[in-house]
Structure formats: structure tokens, C-alpha cells
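> Could you have a look at this structure, given as C-alpha cells, before my questions?
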Amino acid sequence: MRQKKRFFQTKPTWYGGLRVIFQLLYLAATVSALVGKDFFVAIALMAIALLSGSWFCGWLCPFGLVQEWLGRAGNKVFGRKLRVPEKVERFLVFLRYILLAAGMAGLLFLGILSSPYATFMGSLSGMTTSITVTAWILLALFLLASTIIDRPFCRYFCTEGARYGTLSLGRLFTIRRSEDSCIDCGACDRACPMQVKISTKGHVRNGQCINCFECIAACPKPQTLTYGFAFKKQKKDEQGEKNEKE
């Protein structure tokens, strides 16, 4: 029998529903100009990233939300996403960090590559008079690419994500993996929209991780992937303890 294509790649969870609510609330707040590039908001988001990861990217960012939903629509139409080869991905992920460094160094001509975020956010708040035709075309290209590649702009060109991702490298709270109960099925790797390799880590300390918890939802073994204190010792499962005693 032919399998029916699902709009959601992983099984629905309560935290997945909560994430959508937060995304929509932030989107509504952005449209109504209740939030913006406020200094204190930026500081708070960076502090949160430093402590517990890039929550903004996975739970609040309106542009990330649109890419995500376009990706799900693309998954329904095409059946599967294009997975970038691992060797190529290793190089591409550095692009957004290079763009961030270039912007900080004053090389503003490279800013056009990260402009789709500003274009999208500007269109939400009604500030479209200064947006060029080139910027609109770039935005359209990234939105189209989102139907076949998970979050292409977020992964390779977003300087906001690069900032939060860099700070999150020292996070105290993160996704943890129990090596004892893991069956090495690779479901977590396939579910990750940022193509982070989760199945080989004791805990995720990767600037690309956006705390979307798609990996946790996809894992077939309960409590194998959890979110918590990064340095807490994982308890061995009962079977593992029995084997050790034998």
C-alpha cells in the first residue's frame, strides 16, 4: 500500500504545538509593531542563547516560521526534502558566520546576501519603500528554495542566527542523548531541519541547533533524547545495568 504523505514530518507533540503558538504570537506582535529592534529585547535574547540555545530561531523568528511551513508544504508535494551532502554542508554552514564577521568589519557590500531577513521583516511592519527589486527577488528565491531544502536562509545566510548560534556554543542547557538506550537508527538526524548530526553526540553543542525539538519527537526510544542540563550524567538504562552485572 502506498503511504499517505504527512504535512508534519514527525509526530505532533505538546511542545510542537506550543512552539507554533509562540511563533504565531511573535509574528502577530511583529506585524502590529509591538516588538522590533529594541536594545533590551536583543540583549535578553542573546542572554537566553548564551544560557540555553537559540530559542529565537526555533520559537519566535517569523521568517523561520514561513520557511518551515513552506518546507512542510513542499514535503507534502514532493514527498521528501533535498539533503545536502555532509561534506558540502560542513562548508556551507560557515557562510552565515563569515557574513556576520564581514558586517561587523564594515564590509557592507556583502550584506545583500543576508538582506532577505530585513526584507521580510520590513514587509511585515509595512516599511517597504526602501526595499529594492533585487531584495524582493532574493527573498522570493529563498522562499521557493524552502520548499525543497529545510530552512536554507537560516542555515547558510542568516546573520541573526549566526549571532545567537555563536553565543549558544557555551550553553548550559541543551539536548542530551543517552548512549545506552540509543539504537543508532538515525531518525533524529533525518528530522533535524538544520541538518545537525545528533546521533553521534552525548549532548548537542552546535551553533546550528535552534531548539525545535524535532529530533526528540522523531526518536522512537522514550527518554533517549531529552532537553536539560548539559553536564548532568545520563543514567544507564536497566538493561544496560543488568548486562554490566553479568
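The values are calculated or read from the model by the stated rules, or taken from the named source; none is laboratory data. Everything quoted here is computed from the prediction, not taken from an experiment. Because the Cβ atoms are built from the backbone with ideal geometry, glycine has one as well, and the counts that use them run over all protein chains shown. These area figures cover heavy atoms from the full protein model, side chains too; ligands, DNA and RNA do not enter into them. Shrake-Rupley method; radii C 1.70, N 1.55, O 1.52, S 1.80 Å.
> Please name whichever of Ala49, Thr166, Ser123 sits farthest to the positive end of the charge dipole of the stretch 36-187, dipole taken about the Cα centre and charges placed at Cβ: Lys and Arg +1, Asp and Glu -1.
Ser123
> While we're looking at this one, here's another question. Sort 208-221, 112-125 by the packing proxy (mean of other Cβ within 10 Å over each peptide's residues), most packed first. Kindly include the intermediate steps, with their values, before the conclusion.
On the way: 208-221: 21.5, 112-125: 18.3.
For the peptides 208-221, 112-125, the packing ranking is 208-221, 112-125.
> Still on this structure: For the stretch 124-241, what is the accessible area per residue in Å², given a 1.4 Å probe and the full set of protein chains?
Numbers: 5710 Å² over 118 residues.
Dividing the accessible area of the stretch 124-241 by its residue count gives 48 Å².
> Using helices alone, I'd like the mean residue ellipticity at 222 nm for the chain: each DSSP H run of four-plus residues gives -39500 (n - 2.57), total over residue count, nearest 500.
Details: 12 runs with 121 residues, N = 246.
When only DSSP H runs of four or more count, the value is -14500 deg cm²/dmol.
> Let me ask something additional. Looking at this model, which pairs from Lys201/Lys221; Lys87/Lys197; Lys87/Lys201; Lys87/Lys232; Lys201/Lys232; Lys81/Lys197 are more than 22 angstrom apart at the alpha-carbon? All intermediate terms of the calculation are to be shown ahead of the outcome.
Details: Lys201/Lys221 16 Å; Lys87/Lys197 12 Å; Lys87/Lys201 18 Å; Lys87/Lys232 32 Å; Lys201/Lys232 14 Å; Lys81/Lys197 16 Å.
Check vs 22 Å cut-off fails for Lys87/Lys232.
> Sort 126-136, 61-71 by packing, meaning the average of other beta carbons within 10 Å per residue, with the highest value first. Working shown, then result.
Details: 126-136: 11.5, 61-71: 21.8.
My ranking of the peptides, most packed first, is 61-71, 126-136.
> Another question, if that's okay. Tell me the carbon and sulfur percent of the accessible area for the chain, rounded to whole percent, probe radius 1.4 Å. Before the final figure, lay out the partial values.
Values: 9540 of 14120 Å².
The nonpolar share, carbon plus sulfur, comes to 68 percent.
> Same structure again: Specify the inter-centroid distance of the stretch 201-233 and the stretch 54-118, based on alpha-carbon positions, in whole Å.
About 21 Å separates the Cα centre of the stretch 201-233 from the one of the stretch 54-118.
> Which value in nm describes the separation of the simple spin-label points at Leu50 and Ile21, placed 7 Å from the Cα toward the beta carbon?
A separation of 3.0 nm, rounded to one decimal place.
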